[in-house]
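Inspection log for the structure reproduced underneath, given as structure tokens.
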Amino acid sequence: MIMHINQQTDILAVIDVQNDFLPGGALGVKDGDQIIPVINHLLSHRFQRSFATQDWHPKDHISFACNHPGAKPYDAIELPYGKQTLWPAHAVQNTKGAELSSELQQDCFQKIFRKGWHQDIDSYSAFYENDCKTSTGLINWLQKIGIKRIFFAGLAEDFCVAYSAMDAVNAGFESYIIIDATKPVNLMLSNQISSTEYQKKILLAIGTKYILSDK
Ligand code: VGL
Ligand code: ZN
């Protein structure tokens with residue numbers, strides 16, 4: 001990374017690098033495994049401060065297509081808090097699929113935040129659940145330890161990474177996405193734009209920067 005990292009005020013956010021989001025997993029992201037060596041390099045040689053997130057759903061979670069009779073994965077439905085994409089069942093609490101990848105250097109993380117554990121609300125962002133109100137406790141912790149900039153890595157670029165980076169900007173942090181440390185699900189949206197392009201437009205418009213690691 002060309003950018004100078006401040007070891008006190010910069011932090012690496014490693015979003016949902018869990019077995020179910022890796023190739024072969026229930027919601028496997030294409031080439032998702034390729035980001036792991038990049039993230040390990042950033043954890044061991046670049047950032048002193050880091051945290052991870054873990055998608056952590058109950059079996060009867062509202063975001064699973066199988067919990068809505070007649071629905072298919074990737075359908076969209078209306079819920080009290082807005083539009084919700086339905087997914088194959090994934091990241092079910094206490095299953096192998098929900099575990100962080102064993103290839104990840106997990107001993108580096110200062111904290112692991114679990115999200116999505118309320119049955120009736122999904123949570124893409126590391127900061128707030130999809131109702132935009134229920135907090136995960138992340139903002140308080142980051143402010144307490146004096147963080148100014150958050151560098152995002154992990155899965156998936158167009159969902160949990162994108163929503164987290166947006167909330168980071170709204171909470172007053174500078175936000176960076178490390179291009180080679182993230183991969184998208186890349187859904188085709190109804191307006192003929194991919195979820196990856198759509199989120200990137202929003203993120204650039206609100207001042208998120210895209211950078212490459214130095215790996
Ligand atoms: C995610 C879809 C559903 C993610 C989590 O980690 O990006 N995507 N749950
Ligand atoms: Zn999920």
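Checking the conditions here, which among ILE177, ILE202 is within 16 Å of ligand 1 (Cβ to nearest atom) and in a strand (DSSP E or B)?
ILE177
Give me the residue from segment 6-34 that is surrounded by fewer than 24 Cβ atoms within 10 Å (Cβ to Cβ) and in a helix (DSSP H, G or I) and, out of that set, farthest from ligand 2 (Cβ to nearest atom).
Selected residue: GLN34.
Those residues that are surrounded by 17 or more Cβ atoms within 10 Å (Cβ to Cβ) and at positive phi, I need them from segment 80-102; list them, please.
Within segment 80-102, just ALA91 meets the criteria.
Being of a type outside the set (Val, Ile, Thr), in contact (Cβ under 8 Å) with a residue 24 or more places away in the chain and either closer than 27 Å to HIS4 by Cα or exposed (fewer than 13 other Cβ atoms within 10 Å of the Cβ) (or both) narrows it down to one residue among TYR198, TYR176; which is it?
After ruling out the rest, the residue left standing is TYR176.
What number of residues in segment 5-32 are within 18 Å of ALA162 (Cβ to Cβ) and small (Gly, Ala, Ser)?
Matching residues across segment 5-32 total 2.
Of all residues in segment 89-123, which are of a type in the set (Phe, Trp, Tyr) and within 11 Å of ligand 2 (Cβ to nearest atom)?
Across segment 89-123, the qualifying residue is only TRP117.
Being surrounded by fewer than 16 Cβ atoms within 10 Å (Cβ to Cβ), part of a loop (DSSP other than H, G, I, E, B) and acidic (Asp, Glu) is the filter here; which residues of segment 103-128 pass it?
GLU103, ASP120
So, of the residues in segment 41-71 that are charged (D, E, K, R) and buried (at least 16 other Cβ atoms within 10 Å of the Cβ), which turns out to be nearest to ligand 1 (Cβ to nearest atom)?
Here the answer is ASP55.
Which residues, taken from segment 1-33, are more than 16 Å from ligand 1 (Cβ to nearest atom) and of a type in the set (Asp, Glu)?
ASP10
I'm checking my understanding of the structure. Among residues of segment 129-156 that are assigned to a helix (DSSP H, G or I) and among the polar types (S, T, N, Q), which one is farthest from ILE5 (Cα to Cα)?
Applying the filter and picking the extreme gives ASN140.
Only one of (1) within 16 Å of ligand 2 (Cβ to nearest atom); (2) modelled with pLDDT of 95 or more; (3) not in a loop (DSSP other than H, G, I, E, B) is not met by LYS83, so which one is it?
Only one criterion in (1) within 16 Å of ligand 2 (Cβ to nearest atom); (2) modelled with pLDDT of 95 or more; (3) not in a loop (DSSP other than H, G, I, E, B) is unmet by LYS83, namely (2).
If you check ILE36 against the conditions, is it within 16 Å of ligand 1 (Cβ to nearest atom) and in contact (Cβ under 8 Å) with a residue 60 or more places away in the chain?
Yes; evaluated as a whole, the condition is true for this residue.
Let me confirm something: among ILE77, ILE112, which residue is farther than 20 Å from VAL185 by Cβ and of a type in the set (Val, Ile, Thr)?
Just one listed residue meets the conditions, ILE112.
The values are calculated or read from the model by the stated rules, or taken from the named source; none is laboratory data. Just so it is clear, the model here is predicted, and its values are computed rather than measured. Backbone-built Cβ (ideal geometry, glycine too); neighbour counts: all protein chains shown.
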